[in-house]
Structures are given as structure tokens and as C-alpha cells.
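Asks: One structure, pasted below without further comment.
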Amino acid sequence: MASGQQWVLVEMVQAFYEAPAYHLILEGILILWIIRLLFSKTYKLHETYKLTEREKEDLIEEWQPDLLVPLISKDHPSLKYNIVSGPPSHKIIVNGKECINFASFNFLGLLDNERVKEKALMSLKKYGVGTCGPRGFYGTFDVHLELENRLAKFMKTEEAIIYSYGFATMASAIPAYSKRGDMIFVDEAACFSIQKGLQASRSFIKYFKHNDMEDLERLLKEQELEDQKNPRKARVTRKFIVVEGMYINTADICPLPELVKLKYRYKVRIFLEESMSFGVLGEHGKGVTEHFGVNIDDIDLISANMENAVASIGGFCCGRSFVIDHQRLSGQGYCFSASLPPMLAAAAIEALNIMEEDPGIFIVLREKCKHVYKALQGIPGLKLVGEPFAPALHLQLEKSSGSRSSDMQLLRSIVDYCLERKVALTLAQYLEKEERFLTPPSIRVVVTVKQKDDDIQKAVSCIREAASVLLK
């Protein structure tokens with residue numbers, strides 16, 4: 001054993017003498033560098049200078065903190081409000097002037113309905129103004145349970161859950177199911193409440209082009225290939241498609257039948273936001289599922305607010321019981337917000353009664369929408385965006401000036417021109433720095449069943465006149 005070790009040592013010495021000179025020099029430099037690194041200090045002590053008390057005081061006086069937010073001019077358009085006095089029904093009093101209302105989302109005209117107001121007043125006298133507590137802490141009233149049962153029955157689903165704030169409904173529902181590591185495929189035109197829900201979920205987000213099913217399928221195929229590479233991860237990754245029934249930013253509807261086919265082909269879940277289509281589309285106002293004749297059980301979760309057609313406040317989700325019950329434990333807006341005031345729940349119940357008793361109201365709304373859509377065609381300088389049956393259409397500039405702020409100013413001048421002539425319109429507003437895909441500026445024209453032919457003619461003539469005067 002000892003002779004073997006001696007032989008190895010002899011070979012090492014012999015190799016040392018036979019090695020090229022440059023090789024030995026390089027090894028020597030490397031050894032010295034390693035020794036230097038081992039024994040050198042990782043930092044150097046810099047000479048410190050002690051400030052006097054006077055110098056400290058001077059520095060403190062000179063220091064100016066950064067602004068919490070950028071300064072905004074008092075003349076900024078968003079800080080100038082049009083003051084409404086009275087109910088925003090068919091006629092609306094804006095800045096003391098009575099106008100025809102083409103701005104409020106009172107699609108079915110129920111906001112000022114006598115039956116709805118009477119039920120709300122009776123509830124106000126019985127329960128008081130608010131609830132002062134979330135649903136889990138003495139905030140669940142019998143009228144809430146009744147409204148949830150009525151919504152589930154109306155939509156023909158197993159169960160429904162109500163929220164006290166429409167925006168928070170989808171923003172709470174998405175992160176209740178989709179978590180970090182899950183995958184969400186979402187339309188580029190998705191509304192802001194969906195975008196906030198996506199952020200809160202911390203999931204992987206993939207956007208597909210608006211209503212482009214080929215682009216969506218391309219993304220789904222890419223994900224399928226990724227799943228095949230890592231099947232173990234794929235088994236625990238949930239995948240969702242999130243769309244709107246009728247898009248508030250584009251006034252068109254999603255191709256739901258094609259989405260359902262992709263759902264089963266690629267094994268994903270569908271979340272459907274129906275705030276603009278609930279109480280609007282379908283023979284009985286049940287939304288885009290009824291419009292297309294799609295089985296509602298094919299949709300994993302349906303969400304809508306009650307602030308448009310129902311003319312109340314809050315929102316709801318509906319679907320299978322085990323899906324909805326999960327939100328009662330995980331829906332942030334449900335668990336941590338004071339529950340819906342009982343008088344608004346009572347108003348929503350009465351609105352559902354009217355919708356069930358008079359399904360002809362949806363036919364009237366669709367005819368009004370078609371009338372307005374046809375009348376708004378061909379206005380010089382303006383482009384109409386939306387479907388003929390959409391109750392909230394968009395008028396965009398035919399040719400952009402190249403500056404978003406200039407385009408906004410031009411459209412705002414048209415809105416102001418019409419307001420001076422007693423026609424109330426609204427400019428579509430967006431949080432420009434936070435929107436994922438910012439749509440072009442537009443004037444929003446809202447249709448309701450209460451608008452008469454003369455009102456529509458006056459509004460269209462006013463818009464046409466404003467465009468000819470201001471868009472030269």
C-alpha cells in the first residue's frame with residue numbers, strides 16, 4: 001500500500017517537470033488569486049464624517065419628500081362634475097336643467113318604477129337604512145336569502161350569491177377559485193372589474209385577441225403542449241376562460257357556442273360576466289346563454305351586477321351549489337363588506353317580478369336598440385361601434401387626431417354641446433394608466449325602454465349637428 005502511494009507521488013512530480021511553462025504560470029496565478037480572495041476583506045471601511053447638530057437641522061429643513069401623487073390641475077375634466085338632482089330616469093335634471101337621459105344604464109326603466117319604489121320603501125321602514133355588518137356577522141337578512149333564491153330560480157341554476165357592490169362581484173369571484181400557479185385565458189376587451197380580479201388571483205394570465213377563437217385555440221394548444229411536458233404539474237393546474245357576455249367596452253357579444261366547444265375540447269372552465277347582457281338578451285332576459293340557446297350548466301360560473309337592468313345596487317353569481325358555496329368562504333367582497341341594504345334587495349326582487357310578469361319588455365328594449373342603432377348610422381366624423389341589439393353603443397372618432405387627449409377633448413365638446421341642448425350623453429371613462437388594453441375614446445349612448453321616438457330623433461339630430469359644427 002505504501003509503495004503504491006510513493007509511486008503516485010513520483011508520477012505527480014514527474015508530471016510537474018514535464019508540464020509546459022505557460023501551464024505552470026497560469027496555475028500559479030490562479031492559486032495566488034484564490035489565496036487573495038480567501039484572506040481579503042469583503043468590504044472597505046470608509047472614513048466617516050460626523051455631522052454637527054446644526055448641519056443635521058439644515059439638511060432636515062432642506063429635504064423635500066416626493067409627492068404621493070402627481071399634481072392635478074383644478075381644471076381637470078374629471079374634477080368637474082355634472083350635478084344630478086332627482087331620479088336619473090327617462091328625464092334627468094343635470095345642473096338644474098331637465099334633459100332626455102341617454103347616459104344612465106336604466107335599460108328596463110325600472111329605476112323610477114312605482115312598484116319597485118313602494119317595495120323599497122316598505123323594506124326601509126321594516127329594516128332601516130343599512131346592515132352595518134358582513135353576511136357572516138349578523139349581516140344576513142331574510143330578504144337577502146329570498147333574493148338569492150329568486151335569482152337562482154330566474155337563471156335556472158342551483159344556487160346564487162349576492163354582493164353589495166357590483167364591481168366587487170367578478171373582482172372577488174375570480175380570485176376565489178383561481179390561485180397562484182393557475183392559468184387564465186381572457187379576452188383583451190375584458191372590463192376593469194375582471195382585470196382587478198385577475199390581479200388579485202396572482203395567476204398566469206394569457207390574453208387572446210377580442211372574440212378571436214382561433215387565437216384562443218392557439219393559446220390553448222400551446223398550453224396543452226406545455227402540460228404534456230410536465231403532466232404532474234398539469235394535474236394540479238386549474239385553467240379558466242374569462243369572458244363577458246356583452247362587452248361594455250365594445251358593445252358586442254362573445255361567441256359563446258364556440259367557447260363551450262373549446263371548453264370541452266381542452267378541459268377548461270368558463271367564467272361569464274353578464275352585467276350588460278343580464279335583463280337584456282334572450283326571450284326572458286336571462287342573458288347570453290338564453291340568446292344562443294346554450295345550456296346554462298355548460299357555464300361554470302355566471303356573474304352580473306344588479307345596477308343596470310335591475311336598477312338596484314350590488315351583483316350576484318350563480319351556478320352549481322358547490323361552486324357558489326365556496327364564495328361564501330372565499331369571496332372577499334362577500335366576506336368583508338357590509339351586506340346589501342335590505343331596501344335594495346327588496347327593490348331587486350320586485351324588479352325580477354316585473355321581468356317575469358312582462359317578458360315583452362325585452363322585445364321592446366331590443367326594438368329600441370335597433371331603432372337607435374339605425375338612426376346613429378352615417379354621422380359625419382363619427383363611427384358607430386356595437387351590435388344592433390346592444391343597449392349601450394359607442395361613438396368613436398372616424399379619424400383620430402393622433403393624440404388621445406385631443407380626441408377626448410373633441411368628444412367631450414360634443415357631449416357638452418348636446419347637454420346645452422338638453423340631451424344627456426356620457427363620455428366613456430377609463431383609468432388610462434391601469435387598463436391592460438385601452439380602447440379608443442368614445443361617447444356612450446345608452447338606450448332604455450322609456451325613450452320615445454321623438455326623444456331618439458332629437459338626440460340623434462343633436463349629435464349630428466354637434467359633429468358637423470365641431471368636427472370640421
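The values are calculated or read from the model by the stated rules, or taken from the named source; none is laboratory data. For clarity, every value in this text was computed on a predicted model and none was experimentally measured. FYI the Cβ positions are ideal-geometry reconstructions off the backbone, even for glycines, and counts take in every protein chain you see. When the accessible area is computed, the model is the full protein with side chains, heavy atoms only, and any ligands, DNA or RNA have been set aside. Shrake-Rupley method; radii C 1.70, N 1.55, O 1.52, S 1.80 Å.
Asks: Size of the chain along its principal axes in angstrom, Cα-based, largest extent first?
Replies: Per principal axis, max minus min of the Cα coordinates gives 111, 61, 51 Å.
Asks: Another question, if that's okay. Taking H as built 1.01 Å from N, whose amide H comes closer than 5 Å to the amide H of S89, not counting residues under 5 places away?
Replies: Hits under the 5 Å cutoff: none.
Asks: Quote to one decimal, in nm, the extra length available between R180 and D112 on full extension: 0.36 nm per residue of separation minus the C-alpha distance between them. Before the final figure, lay out each step's value.
Replies: Values: separation 68, 0.36 × 68 = 24.48 nm, distance 4.43 nm.
So the chain would gain 20.1 nm between R180 and D112.
Asks: Then there's this: A200 to C132: FRET efficiency via 1/(1 + (r/R0)^6), r the Cβ-Cβ distance, R0 35 Å, to the nearest 0.05?
Replies: Approximately 0.85, to the nearest 0.05.
Asks: Can you give the accessible area of K91, probe radius 1.4 Å, in Å² rounded to 10?
Replies: About 80 Å², rounded to the nearest 10.
Asks: Taking 7 Å along the Cα-to-C-beta vector as the label spot, tell me the A338-R436 distance in nanometres, rounded to one decimal.
Replies: 3.3
Asks: On a 0 to 90 degree scale, rounded to 10, what angle separates helix 166-177 from the longest Cα axis of the chain?
Replies: In the chain, helix 166-177 runs at an angle near 40 degrees to the longest axis.
Asks: Please go through the residue pairs K179/K433; K97/K452; K126/K153; K80/K472; K74/K452 and name each one whose alpha carbons sit more than 30 Å apart in this structure.
Replies: Long pairs (Cα-Cα over 30 Å): K74/K452.
Asks: Can you work out ³J(HN,Hα) from phi for every residue in the stretch 138-143, in order, using Karplus 6.51 cos²θ - 1.76 cosθ + 1.60 and θ = phi - 60°, giving whole Hz and x for Gly and Pro?
Replies: 6, x, 9, 9, 4, 5
Asks: Extending each Cα 7 Å along its Cβ direction at R235 and K383, get the distance between those two points in nm, one decimal.
Replies: About 5.0 nm, to one decimal.
Asks: Can you list, bin by bin at 5 Å, the percent of alpha carbon pairs in the stretch 134-229, starting at 0?
Replies: 3, 11, 15, 16, 17, 14, 11, 6, 4, 2, 0
Asks: Once the Cβ-Cβ distance between L145 and H76 is put in as r, and R0 is 30 Å, what FRET efficiency do you end up with, to the nearest 0.05?
Replies: Computed FRET efficiency for L145 and H76: 0.10.
Asks: Continuing with this model, one more query. Order these peptides, 407-415, 388-396, 163-171, 216-224, by their mean beta-carbon neighbour count within 10 angstrom, highest first. Intermediate results must be reported in sequence, preceding the final value.
Replies: Numbers: 407-415: 18.4, 388-396: 22.4, 163-171: 24.6, 216-224: 16.7.
Top of the packing list down: 163-171, 388-396, 407-415, 216-224.
Asks: Assuming 0.36 nm per residue, please report the length gained on full extension of the stretch I296 to M213 beyond their Cα-Cα distance.
Replies: 27.9 nm
Asks: Further question on the same structure: Multiplying the sequence separation of N353 and L68 by 0.36 nm and subtracting their Cα-Cα distance, what value in nm do you get?
Replies: Numbers: separation 285, 0.36 × 285 = 102.60 nm, distance 4.89 nm.
Result for the pair: 97.7 nm of gain on full extension.
Asks: Could you grab the Rg to Rh ratio for the stretch 122-171? Cα atoms only, Kirkwood for Rh.
Replies: Rounded to two decimals, Rg/Rh equals 0.99.
Asks: I've got another one for you. Per residue, how large is the accessible surface of the chain? Use a 1.4 angstrom probe and give square angstrom.
Replies: That works out to 56 Å² per residue.
Asks: Moving on to the next point. Could you sort T448, T52 by accessible area so the largest value comes first, with the probe set to 1.4 Å?
Replies: I get T52, T448, largest accessible area first.
Asks: Quick one: with all protein chains in place, what share of the accessible area of the chain is carbon or sulfur, to the nearest percent (1.4 Å probe)?
Replies: 57
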